[in-house]
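Below is one structure, written out as structure tokens; the observations come after it.
Where a number appears in this text, it was derived from the coordinates with a stated rule and is not lab data. It should be emphasised that the depicted structure is a prediction, and the values quoted were computed from it without experimental measurement. Here the Cβ is made from the backbone with ideal geometry for all residues, glycine too, and neighbour counts use every protein chain on show.
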Amino acid sequence: MQLLKTLLVVLFLFSIQFAIGQDGKIEQLKRTFLIENLDLTPQEADKFFVIYNEYDSKKRELKKALKKESASGSDKEMRVEKILDQKQEVLNLQKEYYQKLSQVIPESKLVKLEGLENEFRKMLYQRLKD
């Protein structure tokens, strides 16, 4: 069992390296990574990714707006207020979608989600760096 898990991780890392530079492959790798590490059943995965993809898309839009606001040269006090409001929007979005996701996967799996997203991002960054 441990050998199988190790082989899956090695295969996953090789597939990340292969996918770099190929459109859409990174999202597929992320999907595979989350399915394996959250130990999702096929039924859970189908329901989970309908909601998760919508959440991820909205979160990206909010974070783009946040980066844009952070880079603007407008009045500092208004900019700080706007940045904090946008961060609160991201948090509200996370809360809303975590509630939706808790309807399709157990909370014990949902608790792992943010950490796994960060872990995936770090692995991808490391691969790009190498």
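In which sequence would T41, T32 go, from the one with the fewest C-beta neighbours within 10 Å to the one with the most? Provide the component values of the computation, followed by the final result.
Details: T41 12, T32 16.
The fewest-first ordering by Cβ neighbours comes to T41, T32.
How far is it, in nm, from the label point at R31 to the one at L91 when both lie 7 Å from their Cα along the line to the Cβ?
Placing both labels 7 Å beyond Cα along the Cβ direction yields 3.3 nm.
Give me the dipole magnitude in Debye, nearest 20, for segment 23-70 about the Cα centre, with unit charges on the beta carbon: positive for Lys and Arg, negative for Asp and Glu. Intermediate results must be reported in sequence, preceding the final value.
Working: 11 positive and 10 negative charges, 82 e Å.
So the magnitude is around 400 debye.
What is the extension gain from S108 to D56, computed as 0.36 nm multiplied by their sequence separation minus the C-alpha to C-alpha distance, in nm to one decimal?
Working: separation 52, 0.36 × 52 = 18.72 nm, distance 2.01 nm.
This chain segment gains 16.7 nm when fully extended.
Over the Cα atoms of segment 41-104, each weighted equally, I'd like the Debye log10 I(q)/I(0) at q = 0.13, 0.16, 0.20 Å⁻¹, rounded to two decimals.
Per q value, in the given order, log10 I(q)/I(0) is -0.45, -0.59, -0.76.
HN-Hα J couplings of segment 99-107 from phi, Karplus 6.51/-1.76/1.60, θ = phi - 60°, integer Hz, Gly and Pro as x?
5, 5, 5, 5, 7, 10, 9, x, 4
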